[in-house]
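Contents: one structure, followed by commentary.
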Amino acid sequence: MHSPTRRTAVGIIGGTGVYDPRWLEGAREETVTTPFGAVTLTAGRMGEQVVYFLNRHGPGHAVPPHRVNYRANLWALRAAGVTRVIATAAVGAVNRAMTPGSLVLCDSFLDFTHGRVPTFFEGQAADPALPDRFRQVVHTDMTEPYCPDLRARLAAAGRSTGAPVVEAGTYVATEGPRFESRAEIAAFARLGGDVVGMTGVPEVVLARELGMCYATVALVTNYAAGISPAPLTHAEVLEVMARHQERLRAVLGQVLPEAGLERRCACATTDPGWEEDPA
Ligand code: HPA
């Protein structure tokens, strides 16, 4: 177990519109080799806190949501020593109460993705290079997929910036890259979905399989299809994200100095091998 004063590295996964890690002190690129491919991280510090930044969509937003190498990304962060991950995400509002500009600290998800590898635990089919425990059949608990401690910290930081903050919400993950139909959004609303995005799953699941804390600070960029009076465009999503850049950076800046201190949550228990180096 970590001693109370030992810090863990914190990972930031920058989603749409959050690409620039230059605000980290001493930022430098590091390429991490994983069993799933190489990943370039930006390593830096914020005060005493070591931070690894990962640009989810790659340089120039070149990788669409369904092609993101989620397993390589999470493995690379864990191999770099990260045990707590804060992800940013642009989302559409399924629930009308989540007004554009709100920050939503999701606490559960509905998974409508397909065609993505959703796990590290592939049984006998797993890559022989992986540690033995990944060759088992493992069913990871998802009762509380998002770290309650990180969510509380992000909510407090969000409120202090004056942003409308929604402390809990259900994230609906779609396959993309298309936006949803009106009928899909109406169905998601009936199922209890609050916001919709294309990248949250399997990212959260893979983080939990590696025993990492994971929280998403979701920024509502638009009302989802059929709620919005106008057709949806990626340009609109980018424009709203750009307008809220400073606020998101302020939230991360407030949370990061404390985020790597001792973990008091139960997130580590989903991977009994988490203290070992995964590589
Ligand atoms: N749907 C899916 N993903 C999104 C949306 C949306 O409306 N807005 C931002 N990301």
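The values are calculated or read from the model by the stated rules, or taken from the named source; none is laboratory data. Just so it is clear, the structure is predicted and the values come from calculations on it, not from any experiment. With ideal geometry, Cβ positions are generated from the backbone for all residues, glycine too; neighbour counts draw on all protein chains shown. Ligands, DNA and RNA are excluded from the accessible area calculation, which covers all protein heavy atoms including side chains. Shrake-Rupley method; radii C 1.70, N 1.55, O 1.52, S 1.80 Å.
Numbers at a glance
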quantity	calculated
Test result for residue 113, touching a strand residue (DSSP E or B) at 6+ places or on another chain (Cβ under 9 Å) and at pLDDT below 95	no
Residues of region 30-50 satisfying the condition of being touching a residue at least 40 places away in the same chain (Cβ under 8 Å) and closer than 16 Å to residue 20 by Cα	30, 46
Wholly within region 160-279, helices (runs of 4 or more DSSP H) carrying at least 3 residues that are more than 25 Å from residue 55 (Cα to Cα)	182-190
Filter result for residue 149 (away from the ligand (no atom under 16 Å from the Cβ), modelled with pLDDT under 95 and either buried (at least 17 other Cβ atoms within 10 Å of the Cβ) or among the acidic types (Asp, Glu) (or both))	no
Subset of region 195-215 [more than 9 Å from the chain's Cα centre (by Cα) and among the β-branched types (Val, Ile, Thr)]	195, 196, 205
In region 223-248, residue most open to solvent (accessible area, probe 1.4 Å) [restricted to those that are more than 20 Å from residue 108 (Cα to Cα) and either of a type in the set (Val, Ile, Thr) or touching a helix residue (DSSP H, G or I) at 6+ places or on another chain (Cβ under 6 Å) (or both)]	233
Residues located in region 6-35, provided they are closer than 16 Å to residue 82 by Cβ, outside any strand (DSSP E or B) and within 19 Å of the chain's Cα centre (by Cα)	8, 21, 24
All positions within region 84-113 that are closer than 12 Å to residue 219 by Cβ, open to solvent by 10 Å² or more (accessible area, probe 1.4 Å) and not in a loop (DSSP other than H, G, I, E, B)	90
Only one of 67, 71 that is open to solvent by 10 Å² or more (accessible area, probe 1.4 Å) and without any contact (Cβ under 8 Å) to a residue 24 or more places away in the chain	67
